[in-house]
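Structure, as structure tokens:
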Amino acid sequence: MGNDKYVSPLCERYASREMQYIFSPDMKFKTWRRLWIALAEAEQELGLCEQGKPVITNEQIEELKAHMDDINYDVAREREKQVRHDVMSHVYAYGKQCPNAAGIIHLGATSCYVGDNTDVIVMTEAMKLIRKKLLNVISKLADFALQYKDMPTLAFTHFQPAQPTTVGKRATLWLMELKLDLDDLEYMLSQQKLLGSKGTTGTQASFMELFDGDHAAIRKLDDMIASKMGFSGCYPVSGQTYSRKVDARILNVLSGIAQSAHKFSNDIRLLQHLKEVEEPFEENQIGSSAMAYKRNPMRSERIASLANYVIADAINPAMTAATQWFERTLDDSANKRISVPEAFLAVDGILDLYLNVVDGMVVYDKVIYQHFMREIPFMATENIMMDAVKRGGNRQELHEKIRKHSMAAGEQVKKYGRENDLVERIAADPAFDMTEEQIRALLEPKNFVGRAPEQTEEFLYGVINPILNENRSELGLVAEINV
């Protein structure tokens, strides 16, 4: 490939070969041919005949099957220059390879028979790949959450230190969002139906002509095509196209995955700034062209960047669905060719990055402990106060003293950059009647994390593991990314 024309970064840098193939010309046009074969077979099996003679013969179908995969692109391209119609160009090209069957290709159908049915098939295959990658990210995150379920860490509200949690419990928050995304994705997969063969305005009028008004045969035609293509059925009603809300609903699911990944990437970037958690950094990786010491969280930043694109891209099919006229207009075509594949390609890249980050994430437990112990005296003041009350102290007086000591200790930290000396201040105050050792004994980190370890275990064992056990055959992916 030359370097004199634009090439999408989604293919060059981000999306996997598997996802690129799903949206490739080969996948598209081979599916067109499979659909033409399914239509011919169904019409033959339903007894379509003319003056008592079969219209579609076994020999014609076998000829179509013999050339199902060897697509003569050059013939189709030359023909499209003349007729300006992609479907009829490929009907022509297929007919050139199958001269005996040329007359029965696309019999009774309109362009959307191959176009829309193929779009549904392609999006379904793409969703299956997204589902597989999503499950693998969930699996790796579950391992991480279990490993660190007991490790106390500062939690944050408003990015201010708050009541502690554990590193593993925080990971369950990321997991919970991905579980919701998986639910949405599986629902959309369960809802996928083909357009079938509905004709130019969805009335199947051309098939009424072909089958001499046999409604029962025409009803069976859609079911047979769906079955041959591996689907449970077709949409019961449509215009020329399936409802463009289908595309909008699917991209909403992809947007949801992007939102979850973006939130994860934000958290990792903030934690990397705190030096508590770090994304993978390869031996020869350069963090900055100017500052050689830097270890920028570029994988997480790339997740965020691609996620922003997907979230914005989801507006495209929504606008298309909203602006369709009556039984169809063609203003969906150019937009749909771009917005739908690119959303899948971007989410594919996002999940590869997500898997790569989780698989190689580094946790710096000593830094986490240091940050914890710097803040915990403030959070432990109520425990200290209650212990002092048990020793005979006055609760109201002790509360006021702790308030003043806390303000003074906070000033030492913020104004002078010194260590938190709240423990020493309380130990030196005779009103508390406690030694520094007794106070520090109350500061054991695990005493402040509530049910975080138990919540993590309950969530993993009760919610996540059953999903993973049902999908063991889908697990084991290792993400390859272009850094």
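What the table shows:
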{"read-out": "Tabulated pairs, region 381-403, first under 10 Å from residue 431 (Cβ atoms) and touching a residue at least 24 places away in the same chain (Cβ under 8 Å), second surrounded by 15 or more Cβ atoms within 10 Å (Cβ to Cβ) and charged (D, E, K, R), C-beta under 7 angstrom, 6+ apart or interchain", "value": "401/429"}
{"read-out": "Single match in 225, 218, 250, 268 (criterion: within 30 Å of residue 147 (Cβ to Cβ) and of a type in the set (Val, Ile, Thr))", "value": "268"}
{"read-out": "Helices (runs of 4 or more DSSP H) wholly inside region 391-483 containing at least 2 residues that are at pLDDT below 90 and not polar (S, T, N, Q)", "value": "395-416, 422-427, 436-441"}
{"read-out": "Subset of region 352-374 (residues that are outside any loop (DSSP other than H, G, I, E, B) and farther than 22 Å from residue 262 by Cβ)", "value": "365, 366, 367, 368, 369, 370, 371, 372, 373, 374"}
{"read-out": "Residue in region 145-164 that is hydrophobic (A, V, I, L, M, F, W, C) and within 30 Å of residue 17 (Cβ to Cβ) present", "value": "no"}
{"read-out": "Residue that is nearest to residue 8 (Cα to Cα) [pool: residues in region 294-311 that are in contact (Cβ under 8 Å) with a residue 60 or more places away in the chain and of a type in the set (A, V, I, L, M, F, W, C)]", "value": "306"}
{"read-out": "Residue list for region 406-452, restricted to those being of a type in the set (Val, Ile, Thr) and either under 28 Å from residue 150 (Cα atoms) or crowded, with 17+ Cβ neighbours inside 10 Å (or both)", "value": "423, 426, 439, 449"}
{"read-out": "Residues of region 71-91 satisfying the condition of being closer than 12 Å to residue 33 by Cα and among the aromatic types (Phe, Trp, Tyr)", "value": "none"}
{"read-out": "Positions within region 261-270 being over 10 Å from residue 297 (Cα atoms) and surrounded by 23 or more Cβ atoms within 10 Å (Cβ to Cβ), in sequence order", "value": "261, 264"}
{"read-out": "Residue within region 35-57 that is of a type outside the set (A, V, I, L, M, F, W, C) and under 30 Å from residue 355 (Cβ atoms) present", "value": "no"}
{"read-out": "Every residue from region 312-345 that is among the aromatic types (Phe, Trp, Tyr) and in contact (Cβ under 8 Å) with a residue 24 or more places away in the chain", "value": "326, 344"}
{"read-out": "Unmet criterion (only one of (1) modelled with pLDDT under 90; (2) within 20 Å of the chain's Cα centre (by Cα)) for residue 315", "value": "(1)"}
{"read-out": "Number of the condition not met by residue 363 [criteria: (1) modelled with pLDDT under 95; (2) in contact with an Asp or Glu (Cβ under 9 Å, 6 or more places away or on another chain)]", "value": "(1)"}
{"read-out": "Yes/no for residue 119 being modelled with pLDDT of 95 or more, in contact with a helix residue (DSSP H, G or I) (Cβ under 9 Å, 6 or more places away or on another chain), closer than 30 Å to residue 342 by Cβ and in a helix (DSSP H, G or I)", "value": "yes"}
{"read-out": "Residue 58 exposed (fewer than 13 other Cβ atoms within 10 Å of the Cβ) and out of contact with any strand residue (DSSP E or B) (no Cβ under 7 Å at 6 or more places or on another chain)", "value": "yes"}
{"read-out": "Answer residue from region 382-398, given it is of a type outside the set (Lys, Arg) and either closer than 11 Å to residue 433 by Cβ or touching an Asp or Glu at 6+ places or on another chain (Cβ under 9 Å) (or both) and is surrounded by the fewest Cβ atoms within 10 Å (Cβ to Cβ) among those", "value": "392"}
{"read-out": "Of residues in region 84-132 being of a type in the set (Lys, Arg) and more than 30 Å from residue 355 (Cα to Cα), the one surrounded by the fewest Cβ atoms within 10 Å (Cβ to Cβ)", "value": "84"}
{"read-out": "Residues satisfying the stated conditions in region 1-49, i.e. small (Gly, Ala, Ser) and touching a helix residue (DSSP H, G or I) at 6+ places or on another chain (Cβ under 9 Å)", "value": "8, 15, 16, 38, 40, 42, 47"}
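The values are calculated or read from the model by the stated rules, or taken from the named source; none is laboratory data. Predicted, not measured: the structure shown is a model, and the values here were computed from it. Please note: Cβ atoms are built from the backbone with ideal geometry, for glycine as well, and neighbour counts cover all protein chains shown.
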